[in-house]
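Chemist: Below: one structure in structure tokens.
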Amino acid sequence: MTHDHDLVLRPTEAQQEAALNPPPGRNGGDLVVETLAGLGATTVFGLPGQHALGMFDALRRSSLRYVGLRVENNAGFAADAYGRTTGEAAPLLLSTGPGALTSLAALQEAAAASAPVLAISSQIPTAGLGGGRRGYLHELPDQAASFRGVVKSVHTVRTQSQIPSAIAAAWKSALTAPHGPVWVEIPQDVLLAQTSLPVVTAPDATPEELLPRPELTAVAADLLSRAARPAIIAGGGVVRADASGKLRALAEKLDAPVVTTFGGKGAFPWEHPLSLQSWLEDRHTTDFLEDADVLLVVGSGLGELSSNYHTFEPRGRVIQIEADLGKLESNHPALGIHADARLALQALLETVEEREDTSAPQRVRDLLAKVAARIAAQELTLEQDVLASVRRALPAGSPSFWDMTILAYWAWSAFDPRGTNLMHSAQGAGGLGYGFPAALGAAAADPARPVLAVSGDGGALYSIAELATARQYDLPVTWLIVDDGGYGILREYMTDTFGQATATELTRPDYVALAESFGVPGVRTTPETLETDLAKALSTPGPSVVVLPAVLRMFAPTHLGENRG
């Protein structure tokens with residue numbers, strides 16, 4: 001009788017030959033890249049450093065494609081976007097100390113957005129581990145401690161035989177819901193030492209499924225089936241779980257209106273009769289959701305941005321489906337279901353009773369009309385026209401990546417991504433510099449379609465060096481830089497709060513001339529010519545820069561007392 005635990009994978013003849021007679025000249029770095037290739041990786045991002053050279057030397061003996069950026073944080077943003085758009089774990093190769101630490105802001109964004117990034121860093125030599133102050137270059141008393149509060153899991157390697165298992169465990173962690181960044185560190189001497197270990201073939205790192213508890217989905221299905229005014233908030237967890245189809249089927253079965261969070265853009269069709277779109281920073285939407293007698297929240301923790309700055313106070317019963325255990329009921333009491341969004345939605349689809357509510361589409365239209373009237377009363381024609389020009393210029397199916405800038409804040413609420421998993425921003429952690437390097441990562445994943453990056457001039461200066469990366473790899477990214485001469489949103493915040501702004505004005509370069517100095521074509525545009533110039537740039541192979549000098553304004557907030565109506 002054969003038991004499951006008696007089954008083992010038998011190597012092929014080629015694998016057996018490679019194991020018995022490994023090629024000469026391999027080191028610990030080869031074990032890293034062989035493991036990555038065996039797990040299914042095809043592209044790695046990063047930046048070399050002295051302690052990490054063993055890994056980078058091994059790349060030339062590997063089939064892996066390397067995309068090197070100019071700053072570690074930008075390499076992290078590129079890996080983040082690769083992970084978001086492909087659903088695969090994106091390897092990020094880094095060096096010790098300053099190189100590793102420079103990636104922290106990008107890893108925080110990946111954690112907030114549940115992007116699967118597999119960061120592999122070198123470490124000081126093994127003799128220096130443990131906190132003894134040996135004085136090695138880049139030495140930290142405990143490098144991993146800097147990452148434990150940011151990433152999902154930390155894996156420290158001390159011998160070559162640990163490399164394949166540590167990387168496989170990290171890979172599994174990154175791709176188990178909720179997806180997220182993970183950290184592996186390997187000492188310099190372990191990477192550089194010659195190895196006689198056999199070639200790594202196909203390590204097993206199958207992600208674990210996060211199944212919902214059936215007694216909870218049964219209660220949730222009953223509540224939704226009997227609801228008089230159900231509504232749904234769809235967050236980034238729906239996008240990460242590739243569950244937008246199941247969300248739509250459930251919403252239609254229940255006749256339940258759906259609003260998407262800024263991280264969940266594209267989880268539900270923008271023009272659907274049940275679509276409340278993404279106007280979460282609007283009191284009319286907040287009131288509508290508070291009026292729901294049963295509110296289903298899928299893949300969102302209802303944090304600051306998703307709750308209109310914590311002014312949202314639901315009066316009905318809340319059902320929350322969330323893969324991140326720490327976010328479950330973290331802001332509102334709920335029937336909490338700890339599960340992957342796709343699996344939980346499937347369970348609800350199988351058990352919920354169909355309900356008909358002919359009034360739902362009209363209530364959605366009424367809500368959107370109120371939102372449109374509120375915006376129209378603020379004389380923001382320039383901002384709406386600019387965003388509409390971007391939408392018309394961007395081809396269907398092309399992804400866009402938005403930095404923390406005023407036009408992006410408009411896009412969070414008002415931009416139709418025209419598809420699932422096509423619009424991404426740094427709204428998870430809120431750091432500057434995300435848009436352009438992230439767009440490069442997406443272009444590396446699929447160079448057949450143009451990619452749009454949007455930044456302000458302040459955010460652009462964080463990643464201007466990556467124009468060299470765009471040119472080196474000829475990546476089809478068009479970078480729209482809205483140049484208002486400073487940190488525009490901070491200028492607005494400070495002026496509103498203090499009467500004047502301080503430390504927000506910037507001396508900036510001629511971005512067109514700067515782009516051209518990298519060999520990247522650039523054009524200065526106007527609001528009237530933006531659509532034409534942007535469309536032309538997006539249709540031209542390779543990278544390009546479009547600069548729009550303009551001072552944009554935000555629409556008035558509704559979470560403050562004087563603007564709540």
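Chemist: Which one of these does S300 not meet: (1) open to solvent by 40 Å² or more (accessible area, probe 1.4 Å); (2) part of a loop (DSSP other than H, G, I, E, B)?
Modeler: Result: S300 passes all but (1).
Chemist: In the list M494, M554, which residue meets the criterion of being surrounded by 15 or more Cβ atoms within 10 Å (Cβ to Cβ), in contact (Cβ under 8 Å) with a residue 12 or more places away in the chain and farther than 15 Å from G458 by Cα?
Modeler: Details: M494 fails: in contact (Cβ under 8 Å) with a residue 12 or more places away in the chain.
Answer to the selection: M554.
Chemist: Another question, then. Residues in the stretch 392-403 that are open to solvent by 20 Å² or more (accessible area, probe 1.4 Å) and over 12 Å from G419 (Cα atoms): how many? Steps first, answer last, please.
Modeler: First pass over the stretch 392-403, keeping only residues open to solvent by 20 Å² or more (accessible area, probe 1.4 Å): 392, 395-397.
From the residues that got through so far, the ones that are over 12 Å from G419 (Cα atoms) too are 392.
Going through the stretch 392-403 one residue at a time, the tally reaches 1.
Chemist: Regarding L325, is this residue under 26 Å from L175 (Cα atoms) and more than 24 Å from the chain's Cα centre (by Cα)?
Modeler: Values: under 26 Å from L175 (Cα atoms): yes; more than 24 Å from the chain's Cα centre (by Cα): no.
Spelling it out, it is not the case that L325 is under 26 Å from L175 (Cα atoms) and more than 24 Å from the chain's Cα centre (by Cα).
Chemist: Quick check on V150: is it over 30 Å from the mean Cα position of the chain (by Cα), open to solvent by 30 Å² or more (accessible area, probe 1.4 Å) and under 30 Å from L280 (Cβ atoms)? Can you show your working first?
Modeler: Values: over 30 Å from the mean Cα position of the chain (by Cα): no; open to solvent by 30 Å² or more (accessible area, probe 1.4 Å): yes; under 30 Å from L280 (Cβ atoms): yes.
No, not satisfied.
Chemist: Which of the residues that make up the stretch 499-550 are farther than 26 Å from S398 by Cβ, exposed (fewer than 15 other Cβ atoms within 10 Å of the Cβ) and β-branched (V, I, T)?
Modeler: Passing the criteria: T502, T507.
Chemist: Residues that are in contact (Cβ under 8 Å) with a residue 60 or more places away in the chain and crowded, with 18+ Cβ neighbours inside 10 Å: which helices (runs of 4 or more DSSP H) entirely in the stretch 10-128 hold 2 or more of them? First the steps, then the outcome.
Modeler: On the way: elements: 13-20, 28-39, 53-59, 72-86, 98-101, 104-113.
Passing ranges, in order: 28-39, 53-59, 72-86, 104-113.
Chemist: A follow-up question, please. Look through the stretch 359-383, keep the residues that are in contact (Cβ under 8 Å) with a residue 60 or more places away in the chain and part of a loop (DSSP other than H, G, I, E, B), and return whichever of them is most open to solvent (accessible area, probe 1.4 Å).
Modeler: Q378
Chemist: Another question, then. Out of curiosity, is L348 surrounded by 13 or more Cβ atoms within 10 Å (Cβ to Cβ) and either closer than 29 Å to D324 by Cβ or touching a Cys at 6+ places or on another chain (Cβ under 7 Å) (or both)?
Modeler: Values: surrounded by 13 or more Cβ atoms within 10 Å (Cβ to Cβ): yes; either closer than 29 Å to D324 by Cβ or touching a Cys at 6+ places or on another chain (Cβ under 7 Å) (or both): yes.
Yes: the conditions hold for L348.
Chemist: Could you look through the stretch 222-245, keep only residues that are part of a helix (DSSP H, G or I) and surrounded by 21 or more Cβ atoms within 10 Å (Cβ to Cβ), and pick out the one that is farthest from the chain's Cα centre (by Cα)? Break it down into steps so the answer makes sense when it comes.
Modeler: Initial filter on the stretch 222-245 (part of a helix (DSSP H, G or I)): 222-226, 236-240, 244-245.
Filter once more, keeping what is surrounded by 21 or more Cβ atoms within 10 Å (Cβ to Cβ): 224, 236-240, 244.
Details: L224: 30, G236: 9, G237: 11, V238: 13, V239: 10, R240: 9, S244: 17 Å.
Applying the filter and picking the extreme gives L224.
Chemist: Let me ask something additional. Tally up the residues in the stretch 516-526 that are farther than 22 Å from T469 by Cα and out of contact with any strand residue (DSSP E or B) (no Cβ under 7 Å at 6 or more places or on another chain), please.
Modeler: 1
Chemist: What single numbered condition from (1) without any contact (Cβ under 8 Å) to a residue 24 or more places away in the chain; (2) over 22 Å from Y409 (Cα atoms); (3) among the polar types (S, T, N, Q) fails to hold for S539?
Modeler: (1)
Chemist: Pick from the stretch 168-209 the residues that are at pLDDT below 95 and among the acidic types (D, E): which of them is farthest from the chain's Cα centre (by Cα)?
Modeler: D204
Chemist: Another question, if that's okay. On the given criteria, is L461 open to solvent by 30 Å² or more (accessible area, probe 1.4 Å), closer than 21 Å to T102 by Cα and without any contact (Cβ under 8 Å) to a residue 60 or more places away in the chain? Write out each step before concluding.
Modeler: Values: open to solvent by 30 Å² or more (accessible area, probe 1.4 Å): yes; closer than 21 Å to T102 by Cα: yes; without any contact (Cβ under 8 Å) to a residue 60 or more places away in the chain: yes.
In short, yes.
Chemist: For the stretch 364-382, indicate whether the set of residues that are in contact with a helix residue (DSSP H, G or I) (Cβ under 7 Å, 6 or more places away or on another chain), under 25 Å from G486 (Cα atoms) and acidic (D, E) is non-empty.
Modeler: no
Chemist: Return only the number of the condition from (1) over 20 Å from the mean Cα position of the chain (by Cα); (2) under 26 Å from R365 (Cβ atoms); (3) modelled with pLDDT of 95 or more; (4) among the hydrophobic types (A, V, I, L, M, F, W, C) that F268 does not satisfy.
Modeler: It is condition (1) that F268 fails.
Chemist: Give the stretch 309-330 a look and list any residue that's surrounded by 19 or more Cβ atoms within 10 Å (Cβ to Cβ) and free of Cβ contacts under 8 Å to residues at least 40 places away in the same chain, or say none.
Modeler: Correct list: F312, P314, V318, Q320, K327.
Chemist: Still on this structure, please answer the following. Whether any residue in the stretch 259-268 is open to solvent by 30 Å² or more (accessible area, probe 1.4 Å), hydroxyl-bearing (S, T, Y) and not in a helix (DSSP H, G or I) is what I want to check.
Modeler: No, the stretch 259-268 contains no residue that is open to solvent by 30 Å² or more (accessible area, probe 1.4 Å), hydroxyl-bearing (S, T, Y) and not in a helix (DSSP H, G or I).
Chemist: Can we say T420 is under 19 Å from the mean Cα position of the chain (by Cα) and either assigned to a loop (DSSP other than H, G, I, E, B) or in contact (Cβ under 8 Å) with a residue 60 or more places away in the chain (or both)?
Modeler: On the way: under 19 Å from the mean Cα position of the chain (by Cα): yes; either assigned to a loop (DSSP other than H, G, I, E, B) or in contact (Cβ under 8 Å) with a residue 60 or more places away in the chain (or both): yes.
For T420, the condition - under 19 Å from the mean Cα position of the chain (by Cα) and either assigned to a loop (DSSP other than H, G, I, E, B) or in contact (Cβ under 8 Å) with a residue 60 or more places away in the chain (or both) - is met.
Chemist: Here's a follow-up. Does V386 count as open to solvent by less than 40 Å² (accessible area, probe 1.4 Å), touching a Leu at 6+ places or on another chain (Cβ under 7 Å) and in contact (Cβ under 8 Å) with a residue 24 or more places away in the chain? Write out each step before concluding.
Modeler: Working: open to solvent by less than 40 Å² (accessible area, probe 1.4 Å): yes; touching a Leu at 6+ places or on another chain (Cβ under 7 Å): yes; in contact (Cβ under 8 Å) with a residue 24 or more places away in the chain: yes.
Considered against the rule, which asks whether it is open to solvent by less than 40 Å² (accessible area, probe 1.4 Å), touching a Leu at 6+ places or on another chain (Cβ under 7 Å) and in contact (Cβ under 8 Å) with a residue 24 or more places away in the chain, V386 comes out as yes.
Chemist: I want to confirm something. Restricting to the stretch 210-221 and keeping residues that are crowded, with 17+ Cβ neighbours inside 10 Å and assigned to a loop (DSSP other than H, G, I, E, B), which single residue is nearest to the chain's Cα centre (by Cα)? Step through it out loud before you land on a result.
Modeler: Of the residues in the stretch 210-221, the ones crowded, with 17+ Cβ neighbours inside 10 Å are 210, 212, 216-217, 220-221.
Next, only the ones that are assigned to a loop (DSSP other than H, G, I, E, B) stay: 210, 212.
Numbers: L210: 20, P212: 24 Å.
Here the residue is L210.
The values are calculated or read from the model by the stated rules, or taken from the named source; none is laboratory data. Predicted model, so just to flag it, every value in this text is computed and none were measured. Glycine also receives a Cβ, built like all others from the backbone with ideal geometry; neighbour counts cover every protein chain displayed. The area values use the complete protein model at the heavy-atom level, side chains included, leaving out ligands, DNA and RNA. Shrake-Rupley method; radii C 1.70, N 1.55, O 1.52, S 1.80 Å.
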